[in-house]
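Peer 1: Shown below is the structure under consideration.
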Amino acid sequence: MKLFPLFADLRGRRVLVVGGGVVAERKVKSLLACEARIVVGALDASRCLQELSRQGRIELIQGVFEPGWLAGAWLAVAATDDRELNRRVAALAGEHRLFVNVVDDPELSSFQVPSIVDRSPLTIAISSAGSAPVLARRVRERIESLFDHSLGSLAALAARKRQAIRAARPGLRQRRAFYDWLMDGPVATALRAQRPLQAERLLDVELRQAQGRPIGKVILVGAGPGDPGLLTLKALRALNEADVILHDRLVGEEILDLARRDATQIAVGKIPGENHDATQARIHELMLAHARQGRLVVRLKGGDAFVFGRGGEELQFLRRHGVPYEVVPGITAALACAAYAGIPLTHRDHAQSVRLITAHCRQDNQLEDWPSLARGKQTLAFYMGASQLDWLARQLMSNGRPGDTPCAVIENGTRSNQRVWHGRLENLAEQAKRHEIKAPSLLLVGEVAALAPELEWFGASVGQEEQERQALSA
């Protein structure tokens with residue numbers, strides 16, 4: 001069941017609660033907080049409900065349920081211990097086109113009452129669609145611990161000053177930055193210390209500050225190799241604050257879906273065979289143009305921007321043009337993909353060092369010190385090498401690396417479609433061709449790769465896939 005989240009304004013509107021016990025009391029108290037006009041109908045009512053009736057806070061009808069009780073109601077709640085009565089109330093409410101909640105009976109309910117975190121005027125509601133109320137309660141407890149109670153006072157202060165804030169900060173980017181300051185700065189601190197007058201004075205002083213030409217900023221964010229769960233908290237915050245996101249080709253939709261809904265997303269990834277220098281120049285121009293318009297630009301790169309990502313070149317460009325910037329590191333492919341394939345990059349018995357190497361280069365024997373790469377007791381991680389596996393294997397073996405050296409190719413590492421092939425260096429090219437290994441892929445060479453069959457935990461290796469298909473067809 002998928003529910004549409006809805007916050008209803010019930011002030012002064014008639015709400016019928018059928019039932020007079022403890023459960024009905026809880027619903028009535030929640031509705032009183034919303035200033036609803038509550039009518040309680042029950043054969044017997046608890047002392048608490050009777051007292052609320054004497055105080056004039058609710059209307060109490062004592063008797064057997066009648067359909068006329070629903071007249072004029074906007075909402076109905078069935079809170080009795082009689083399921084047949086609850087079913088009748090729900091059916092009649094449906095005929096009147098009223099939303100009804102039957103307590104602890106999601107099948108009969110047309111709306112659910114969520115677990116609430118109350119920081120009025122800020123309200124956070126959590127629902128499990130009635131299927132797991134204990135889970136919703138546990139989530140609420142977690143959220144309660146995250147937000148100080150002064151957050152409600154902060155929200156109320158911001159609401160009172162909304163027009164002044166709009167006048168002082170007419171640009172959307174300026175206002176967003178101001179609200180960030182309001183949430184994280186001295187105003188919030190004063191409210192946590194129960195000093196509301198000081199908080200308001202601090203806000204007024206900030207609003208009077210003169211505003212110059214808007215200055216944007218670029219945040220260089222590493223998105224990791226693909227699994228959105230590997231994003232850092234800072235990366236997620238940057239995505240939620242960005243005005244513009246310039247993203248690489250291999251940044252998946254699952255990660256982009258975490259960004260602000262109204263952020264402008266521009267694909268700037270390099271495509272094999274095109275002029276990469278021209279593409280990089282366009283990226284520089286876009287960062288500069290949007291930052292000079294006062295926007296927060298997130299330059300979103302797969303993996304880590306400082307590992308074969310030309311992040312250093314982009315920062316040099318921004319520095320030359322006076323654009324402020326930040327860097328949010330990402331988990332680079334060698335670390336994450338190896339971990340998801342069950343391959344430790346170092347191991348006391350097998351490898352005491354790791355070398356990260358880009359294979360996206362000219363096939364030039366002088367490009368690397370191949371004899372050094374061919375030595376044992378080290379792990380080699382080749383990035384962007386899917387199209388050059390044959391050449392890489394030949395170079396390593398011709399420079400002394402034994403043909404039986406374990407190796408692994410990880411395709412789409414950390415993603416739901418991850419594939420891992422592991423075998424020996426001498427049959428790397430043949431097997432990669434047979435299994436149609438494609439980019440993005442990472443090649444790991446070294447004794448640690450032999451641990452993959454024993455330690456793999458995520459997805460299935462190419463060999464396992466074949467065995468499972470054979471077993472199914474048998």
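Every read-out reported here was derived from the displayed coordinates using simple, explicitly stated rules and does not represent laboratory data. None of these values were measured; they are calculated from a predicted model. All Cβ positions, even for glycine, are placed from backbone atoms using ideal geometry, and neighbour counts span all protein chains on display.
Peer 1: Just how large is the dipole of the chain about the Cα centre, in debye to the nearest 20, putting +1 at every Lys and Arg Cβ and -1 at every Asp and Glu Cβ?
Peer 2: In total the dipole reaches around 2100 debye.
Peer 1: Which aspartates and glutamates have a Cα lying under 20 Å from the Cα of Lys161, excluding residues fewer than 8 positions away in the same chain?
Peer 2: Lys161 reaches Asp180, Asp184, Glu200, Asp204, Glu206.
Peer 1: Taking neighbour counts of Cβ atoms within 10 Å as a proxy for exposure, in what order, fewest first, do Lys438, Lys27, Lys301, Lys2 appear?
Peer 2: Ascending number of Cβ neighbours within 10 Å: Lys2, Lys438, Lys27, Lys301.
Peer 1: Now for a different question. Looking only at the chain, where both bridge partners belong to it, what percent of the DSSP beta bridges are antiparallel (to the nearest 5)?
Peer 2: 35
Peer 1: Still on this structure, please answer the following. In which sequence would Phe7, Phe65, Phe147, Phe111 go, from the one with the fewest C-beta neighbours within 10 Å to the one with the most?
Peer 2: Phe7, Phe147, Phe111, Phe65
Peer 1: I would also like to ask the following. Using +1 at the Cβ of each Lys and Arg and -1 at the Cβ of each Asp and Glu in segment 75-119, identify which of Val102, Leu75, Gln112 lies farthest towards the dipole's positive end.
Peer 2: Result: Leu75, furthest along the dipole toward the positive end.
Peer 1: If you don't mind, another one. Over segment 43-109, what is the relative contact order in whole percent, taking alpha-carbon pairs under 8 Å and six or more residues apart?
Peer 2: It comes to 25 percent, rounded to a whole number.
Peer 1: Charges only on Cβ, +1 for Lys and Arg, -1 for Asp and Glu: so what's the dipole of segment 217-331 about the Cα centre, in debye to the nearest 20?
Peer 2: 400
Peer 1: Moving to a separate point now. Where a ≥ b ≥ c are the square roots of the eigenvalues of the C-alpha gyration tensor, would you call segment 220-317 rounded, which needs a/c under 1.5, or, failing that, prolate if a/b is larger than b/c, or oblate?
Peer 2: oblate
Peer 1: Show which lysines lie in cross-link reach of Lys438 when reach means a straight Cα distance below 24 angstrom and same-chain residues fewer than eight apart are skipped.
Peer 2: Lys270, Lys301
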